[in-house]
Amino acid sequence: MWGPTTGKRRLPGTGRAGEAARKRPRKGKKAGGPRAAAGELPAGPDEPREVGQRPDTDGPAEPAEGSGKPAGLSRRQRRNRQKRQRQQETPAGSDGERGSGPGPPDPPGPAEAPPEPRSDRSAALRARMEERLLGARFRYLNQQLYTGSSQDAARLFRADPAAFHLYHQGFERQVRRWPERPVQRIVRYLRRRPASLVVADFGCGDCTLAASVRNKVHCFDLVPLSPRVTVCDMAKVPLAAESVDVAVFCLALMGTNLQEILGEANRVLRLGGTLMVAEVASRFEDTHAFLKAMTQLGFRTVSKDLSSSYFYLLEFVKTGPARPGPAPGLRLRPCLYKRR
């Protein structure tokens, strides 16, 4: 057809009538036909569809197997596809294969100690504080005993008997660490001697010696830890002169008046009687000078065991009464415990 003015041939469907005809939907054509599959028609009035998308699907079509052409998925195919995706996302079991649930739980790690309750922490702190206070008081009492006279010690414990119990507990804790207790050495010595010998135990403590031998034992100390104890000053014991066969000082040579205390032991011993002294090794400044001073007090050295680094064990025999005058070598260092 030729136009009236240009002379050019007008193609069918052009012009205003042609445009209107193209805009009108064709009858008998369904959405999703071949042209819709090829992407030539819009997907709907609101949003366009992608190329190869069918109107009853939610995503782009997948190519059909073996054809190489895009093809839509049916609802069953979509469900199968979603099922396969869920199976792929399921964690594998312990053997590496897909499982229907999680694998076995991890082995438990080392058990952590539960936090200590506040009440237990407070009790432990209180116990440590009490232990330190008791240790400090023991050191104070120990210093008083070694730096004062026996009369001062007697007055101290008469005023505060509980202090002696505290001191004795601290003393036992110290001696318990030793490889051997000196009182056991003296027990063995007496068991080898006749049971008829009368013994005087100066500073007997809890009367371990009296409870371990068959001998008659007079027990003297500043505070009665046992019903057997006679409370007195070690420089003035209630015994008659020359009434005992063995006098014992087992870690008991305390006080600054050593000459007076050992002179009292000489007084109550019979002639030829035995004096046993067990004392902390570090207290001896000059062992030779100490033994020489003992001769002035009326004693002769029978044996001395200086092999232990904890205590020395000395055995003397009474040869006569003590000679008057000072004994300058009769010195022992105070046994003072350091704070730990």
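Can you run down the residue pairs with Cβ atoms below 6 Å, 6 or more apart or on separate chains, where the first is in segment 151-180 and open to solvent by 50 Å² or more (accessible area, probe 1.4 Å) and the partner is of a type in the set (A, V, I, L, M) and at pLDDT 85 or above?
Short answer, once both residue conditions are applied: P161/V223.
Which residues, taken from segment 225-250, are part of a loop (DSSP other than H, G, I, E, B), open to solvent by 30 Å² or more (accessible area, probe 1.4 Å) and within 10 Å of C204 (Cβ to Cβ)?
L225, R228
Condition check: touching a helix residue (DSSP H, G or I) at 6+ places or on another chain (Cβ under 7 Å), surrounded by 18 or more Cβ atoms within 10 Å (Cβ to Cβ) and under 24 Å from N215 (Cβ atoms). Does A327 satisfy that? Don't jump to the end; show me each part of the working.
Details: touching a helix residue (DSSP H, G or I) at 6+ places or on another chain (Cβ under 7 Å): yes; surrounded by 18 or more Cβ atoms within 10 Å (Cβ to Cβ): yes; under 24 Å from N215 (Cβ atoms): no.
Against the criterion (touching a helix residue (DSSP H, G or I) at 6+ places or on another chain (Cβ under 7 Å), surrounded by 18 or more Cβ atoms within 10 Å (Cβ to Cβ) and under 24 Å from N215 (Cβ atoms)), A327 does not qualify.
What are the residues in segment 268-287 that are of a type outside the set (G, A, S) and without any contact (Cβ under 8 Å) to a residue 40 or more places away in the chain, if any?
Answer for segment 268-287, where residues must be of a type outside the set (G, A, S) and without any contact (Cβ under 8 Å) to a residue 40 or more places away in the chain: V277, T287.
Filter segment 182-197 down to the residues that are more than 14 Å from L275 (Cβ to Cβ) and crowded, with 16+ Cβ neighbours inside 10 Å and list them by number.
Matches in segment 182-197: P182, V183, R185, V187.
Taking G255 as the residue in question, decide whether it is buried (at least 21 other Cβ atoms within 10 Å of the Cβ) and modelled with pLDDT under 95.
yes
State yes or no: is T230 β-branched (V, I, T) and touching a His at 6+ places or on another chain (Cβ under 9 Å)?
Working: β-branched (V, I, T): yes; touching a His at 6+ places or on another chain (Cβ under 9 Å): yes.
Yes: the conditions hold for T230.
Collect the residues in segment 298-322 that are touching a residue at least 40 places away in the same chain (Cβ under 8 Å), surrounded by 15 or more Cβ atoms within 10 Å (Cβ to Cβ) and of a type in the set (G, A, S), keeping them in residue-number order.
S308, A322
Between L262, L190, which is within 22 Å of A154 (Cβ to Cβ) and touching a residue at least 12 places away in the same chain (Cβ under 8 Å)?
On the way: L190 fails: within 22 Å of A154 (Cβ to Cβ).
Only one candidate passes the filter, namely L262.
The values are calculated or read from the model by the stated rules, or taken from the named source; none is laboratory data. Keep in mind that what you see is a predicted model, and the values were worked out from it rather than measured. Note that we place each Cβ from the backbone using ideal geometry, even for glycine, and neighbour counts take in every protein chain shown. What goes into the accessible areas is simple: the full protein's heavy atoms, side chains included, and nothing from ligands, DNA or RNA. Shrake-Rupley method; radii C 1.70, N 1.55, O 1.52, S 1.80 Å.
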